[in-house]
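Written out below as structure tokens is the structure these notes cover.
The values are calculated or read from the model by the stated rules, or taken from the named source; none is laboratory data. No experiment lies behind these values; they were computed from the predicted model shown. For neighbour counting, all protein chains shown are included, and Cβ atoms are generated from backbone atoms with ideal geometry for every residue, glycine included. Side chains are part of the model used for accessible areas, which takes the heavy atoms of the whole protein and leaves out ligands, DNA and RNA. Shrake-Rupley method; radii C 1.70, N 1.55, O 1.52, S 1.80 Å.
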Amino acid sequence: MEPTIPVCFASKLVMVDTASSPAADEALRSASRDLGGGRFRLDLMVPDMHCAGCIRSIERGLAELEQVITARANLGERRVAVTWKQGRVGEGPEDGARDGVRDGAAAAVGAHGITDKLEALGFVWHLADDADTAHETEILRELLWSLAVAGFATANVMLLSVSVWSGAMSETRDLFHWISALIAVPAVFYAGRPFYRSAWRSLAGRRLNMDVPVSLAVLLALFMSLYEVARGGPHAYFDAAVSLLFFLLIGRVLDQVMRRRAHRAVSALARLVPAGATAVDCAGKHVFQPLERILTGSRILIRPGDRVPIDACILSGTGDIDCSLISGESAPVTIGPGAVLRAGMLNLNGVIEARTIAPVEDSFVSRMREMMAAAEHSRGPFRKIADRMAEIYGPAVHILALLTFLGWVLASGDWHQALLAAITVLIITCPCALGLAVPIVQVVAAGRLFENGVMMRSGDALERLALVDRAFFDKTGTLTMGQAGLVESVAHDNQALAVAASLAKGGSHPLAQALVQAAEARGLILPPCTDAREKPGHGMEGVVDGRRVRLGRADWCGGSPDPSDDGYSTSVLSVDGRIVERFRFTDTDRPDARDAISGIQHLGIDTEILSGDRQSIVDGMAGRLNITHTAGGLLPQDKVARVTEARANGHTILMVGDGINDAPVMAAADVSMAPVSAADIGRGQADFVFLRESLMAVPETVRTARLAMRLIKQNIGLALAYNCIAVPLAMFGLATPLVAAIAMSSSSILVTLNALRLYRRGRDPKPNTAAIQPAEVTA
């Protein structure tokens with residue numbers, strides 16, 4: 001049978017033939033995201049991924065493909081993210097003939113090579129899109145039906161077994177054994193289908209996963225029982241076979257349910273954006289179109305009650321907008337023409353027509369989903385250790401089972417007991433708990449942080465953040481709101497302001513934006529500016545009316561600091577090297593900044609301000625926030641040197657910044673954070689992005705990281721303790737297959753429940769500074 005792709009049409013799951021269907025090529029092409037530079041990314045769901053051995057097989061198998069750059073398998077989501085390069089699809093003549101295809105065709109060809117490799121490894125896959133929920137529902141439905149059949153068989157076979165155990169006569173015993181066989185055989189084959197299919201695909205791909213020993217154990221118990229019944233023997237193990245499946249299925253169902261609960265933050269993000277938008281064509285007609293067909297610059301209509309489907313700028317209409325997803329504020333904001341709407345915002349009233357300003361894959365919600373996915377795919381030190389330990393279990397399980405069988409045969413000569421002990425070892429020795437120990441905590445931590453308005457880009461950053469003992473903060477846009485205002489009480493020449501605003505239009509710094517706003521407020525006509533470029537840490541430079549113009553630091557523009565500027569942030573305008581104007585600005589401290597700094601200090605973390613602003617301005621800010629250490633007048637390279645020196649002295653550094661000039665120092669720090677208002681390069685460099693105005697996100701994220709690390713250590717300890725206790729018990733015959741099934745399922749459930757403790761703690765009210773104490777950083 002040819003492989004198929006599930007694709008969602010009209011809310012139904014449709015299977016598309018991948019071997020030759022043009023629809024399959026189109027589905028793969030649409031699902032492949034162009035990263036630029038000839039690179040593509042494809043996300044696939046792999047339902048049969050159950051253990052660390054599966055992760056190893058997938059990642060190593062895909063890494064063998066020449067075009068693949070990276071391949072990351074996520075056990076918690078059963079998802080595989082693959083990045084590959086265009087033009088390296090394969091080396092066969094058929095691939096070579098396709099070297100000249102366009103990007104979309106190249107994406108389909110490269111994706112087919114990846115999916116073919118997955119199938120060769122024995123894994124069934126489908127596209128990781130909106131069909132995910134439908135596919136997971138189908139899996140859960142099959143598991144529940146299998147559980148019901150196994151439960152019915154277990155109840156009836158156990159009743160018959162009790163009669164046999166109670167001392168039934170041989171004729172009655174044989175009759176009950178045959179009745180048990182009639183119930184158990186169809187039940188074992190029906191209820192065990194999820195395990196058998198996975199095991200068969202694993203063996204077909206020449207690998208071992210956890211379902212291989214489970215299937216082997218169940219079938220051995222069944223056939224051993226049939227052999228005993230056929231020869232009229234006194235022992236039968238039908239009760240063990242069906243009850244084994246029953247408890248294994250209970251664990252699998254609970255695992256599926258809790259995975260969905262742990263990922264509900266990502267699912268909630270997916271549900272925030274509608275499947276399409278009402279487009280307005282050139283004739284003014286309204287046509288509903290899927291989001292992938294909405295191009296940048298298209299006009300869309302947003303009616304009352306609609307979610308904003310894609311980032312857009314309002315052309316006409318006004319309305320009250322619920323921005324709680326973006327800012328965390330529940331109070332609606334009234335906006336009109338010229339305002340920017342972000343995907344996920346809710347239009348409460350008013351009909352709005354807007355023009356899209358970004359493709360759907362670059363919208364706010366899409367970037368947030370991608371950040372959360374990146375966090376779950378990342379590999380930190382703890383996760384690498386857990387994965388490596390779980391890897392060796394595949395062959396070790398079968399070796400231990402064989403040694404157990406041979407040992408019992410040699411010691412007692414009782415092959416029944418030997419086989420029973422070997423079956424118990426096959427079941428009880430499961431790597432699932434170790435495989436889940438770290439990723440499930442990362443997933444829950446990402447969900448908790450999202451609910452608190454923080455996006456996590458990297459799971460290993462969570463481990464680094466837990467070790468932070470010194471935090472550096474940028475001033476403008478980080479400790480302040482970055483909403484600078486020009487001091488109107490100081491006379492500023494309109495012509496100079498127009499020239500400065502013309503140059504500042506291309507800048508991202510809050511002072512540059514304040515100049516543009518001031519010029520617009522005065523209704524000034526801005527002269528054209530050419531060759532404008534920004535020099536991080538210094539300012540902007542360009543040509544206005546044929547003259548070289550600079551705007552920024554006084555020393556860079558050819559001047560010197562003015563004592564009268566004390567108390568203000570300043571920006572100097574020079575024309576052909578001559579100072580013509582000094583602009584003075586005020587800014588507003590970020591809400592709760594003092595409480596946030598106090599909370600960080602209560603966590604045992606030293607704080608320091610690193611700023612390019614004058615030392616007097618920085619000292620004033622430090623005094624208001626109770627920060628002892630400051631450094632002003634720094635260039636980007638000076639900030640990097642400061643952080644590098646601190647790291648060389650053994651400190652683990654957190655850098656919180658927002659601008660282009662902060663990107664180098666954020667890269668130099670061990671871990672970094674930025675507000676969502678930060679420049680794109682600053683946001684892209686940050687390991688964490690907080691979406692709300694409050695700086696309380698910083699201490700809350702540190703607390704979450706420390707709690708998460710404690711839970712990860714607990715999970716690894718629980719998994720190791722389980723195997724150290726359970727395996728010897730099974731090998732020495734002190735555990736039955738039924739006990740082994742319960743123990744194996746319980747170990748996976750236990751580490752998942754332990755991780756969910758982090759989520760429950762995330763429901764507590766936001767702490768104040770008095771509540772943030774080191775003693776709370778325990779689990």
Within the stretch 149-163, identify whether any single residue is assigned to a helix (DSSP H, G or I), open to solvent by less than 40 Å² (accessible area, probe 1.4 Å) and modelled with pLDDT under 80, and answer yes or no. yes
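Does residue 609 satisfy the criteria of being open to solvent by less than 30 Å² (accessible area, probe 1.4 Å), modelled with pLDDT of 85 or more and closer than 18 Å to residue 480 by Cβ?
Values: open to solvent by less than 30 Å² (accessible area, probe 1.4 Å): yes; modelled with pLDDT of 85 or more: yes; closer than 18 Å to residue 480 by Cβ: yes.
Yes; evaluated as a whole, the condition is true for this residue.
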From the list 646, 719, 667, 708, which residue is over 22 Å from residue 594 (Cβ atoms), modelled with pLDDT of 90 or more and part of a helix (DSSP H, G or I)? 646
Tally of residues being open to solvent by less than 80 Å² (accessible area, probe 1.4 Å), within 33 Å of the chain's Cα centre (by Cα), farther than 16 Å from residue 253 by Cβ and of a type outside the set (Phe, Trp, Tyr) across the stretch 184-206: 5
If you scan the stretch 519-563, which residues turn out to be open to solvent by 30 Å² or more (accessible area, probe 1.4 Å), without any contact (Cβ under 8 Å) to a residue 24 or more places away in the chain and closer than 15 Å to residue 635 by Cβ? 535, 555, 556
What pairs come up if the first residue lies in the stretch 133-156 and is on the phi < 0 side of the Ramachandran plot and among the hydroxyl-bearing types (Ser, Thr, Tyr), the second is at pLDDT 85 or above and open to solvent by 50 Å² or more (accessible area, probe 1.4 Å), and their beta carbons are under 7 Å apart, counting only those six or more places apart or on different chains? 146/190; 146/193
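Matching residues to (1) under 28 Å from the mean Cα position of the chain (by Cα); (2) among the hydrophobic types (A, V, I, L, M, F, W, C); (3) open to solvent by 30 Å² or more (accessible area, probe 1.4 Å):
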| site | (1), (2), (3) |
| --- | --- |
| 595 | no, no, yes |
| 624 | no, no, yes |
| 638 | no, no, yes |
| 646 | no, yes, no |
| 653 | yes, yes, no |
I need the full set of residues from the stretch 743-779 which are crowded, with 20+ Cβ neighbours inside 10 Å, β-branched (Val, Ile, Thr) and modelled with pLDDT of 65 or more, in order please. 751, 752
